[in-house]
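The values are calculated or read from the model by the stated rules, or taken from the named source; none is laboratory data. These numbers were taken from a predicted model, which means no experiment stands behind them. Using ideal geometry, Cβ is built from the backbone for each residue, glycine included, and neighbour counts are taken over all protein chains shown. Note: areas computed on protein heavy atoms with side chains; ligands, DNA, RNA excluded. Shrake-Rupley method; radii C 1.70, N 1.55, O 1.52, S 1.80 Å.
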Amino acid sequence: MIKSLIPLFISFFFMQNLFAKEKVIAKIPEASGICYSVISDSLFVVNDEGTLYELSKNGKVLRKKKLGKYDLEAIEVDEKNALLLLINEKKDSILVVEKKSFDIVKKIKIDRKYKGKKVLKKGGNGIEGLALFNNKLYASNQSKKKYPKEDSSIIVILDYDLEAKKLKIKDIIDPKLTDISGLTFNGNILYMISDKNSQIISYNVEKSKVIKKYNLPKKYAQEGITFDKKGNLYIADDNGKILKIKNYLK
């Protein structure tokens, strides 16, 4: 009995120590997505009201721009092409934005079907997380339904093609977890964040295997996740905060 409780105690103390380092570095209304750029060494944040921000790693607002009446839920950086990729949730589409000017370059739709089944439902919950890795886009469908139900909680994998008008779903990941609200990569490990379950999950995409799960305090409405080059963790909280947790990966 005592041995079975040891992992629970370790997990509890890890979480206590982890969030003892937590700090609110900025207040962004309805922050819904966040990413880090190695090249500019800065953070980019979007919110539900269609505004794009650039922040320093200490939370200072460097730039902001209202892009329009978009429900922006996720953001990723394409360092090679100096672009930002933003998810417009209700349309299940990507806004391609110039990183330097914050101008919208184009819009790319995402196909809703996979192997003849509509896995992304029009007017449904929509895409909440986005990550770019090895020229593929990983996008999470926010849902409380588990796969294989229609419009379920899955991660769709798309070939990243800036010339395409619509990106087709090439594969899916069934994380067996609901309400995935944010995605990011660190190396070849995919990190997911679940709002409903208040968890961070690390997933090995090559082995199709969950590595670890960490619980988060229930007080947050976590909508986005990213890491900087030093392994610090940043979370976009829909309640209007950007959180920084130092040395998460150490």
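Checking each residue in the range 140-159 for being open to solvent by 20 Å² or more (accessible area, probe 1.4 Å) and either part of a loop (DSSP other than H, G, I, E, B) or within 15 Å of Glu73 (Cα to Cα) (or both) picks out Gln142, Lys144, Lys145, Tyr147, Pro148, Lys149, Glu150.
All told, Gly187 meets the bar of being surrounded by fewer than 18 Cβ atoms within 10 Å (Cβ to Cβ), within 25 Å of Glu79 (Cβ to Cβ), small (Gly, Ala, Ser) and at pLDDT 90 or above.
Total residues in the range 201-250 satisfying the condition of being buried (at least 16 other Cβ atoms within 10 Å of the Cβ), out of contact with any helix residue (DSSP H, G or I) (no Cβ under 9 Å at 6 or more places or on another chain), in a loop (DSSP other than H, G, I, E, B) and of a type outside the set (A, V, I, L, M, F, W, C): the figure is 4.
Determine whether Val105 is at pLDDT 85 or above, part of a strand (DSSP E or B), more than 22 Å from Lys207 (Cβ to Cβ) and over 17 Å from the mean Cα position of the chain (by Cα).
Here the answer is yes, as Val105 does meet what is asked.
Of all residues in the range 171-200, exactly one satisfies the criterion of being in a loop (DSSP other than H, G, I, E, B) and among the aliphatic types (A, V, I, L, M), namely Leu177. Between Leu120, Leu130, Leu137, the distinction of being of a type in the set (A, V, I, L, M, F, W, C), part of a loop (DSSP other than H, G, I, E, B) and surrounded by 16 or more Cβ atoms within 10 Å (Cβ to Cβ) belongs to Leu120 only.
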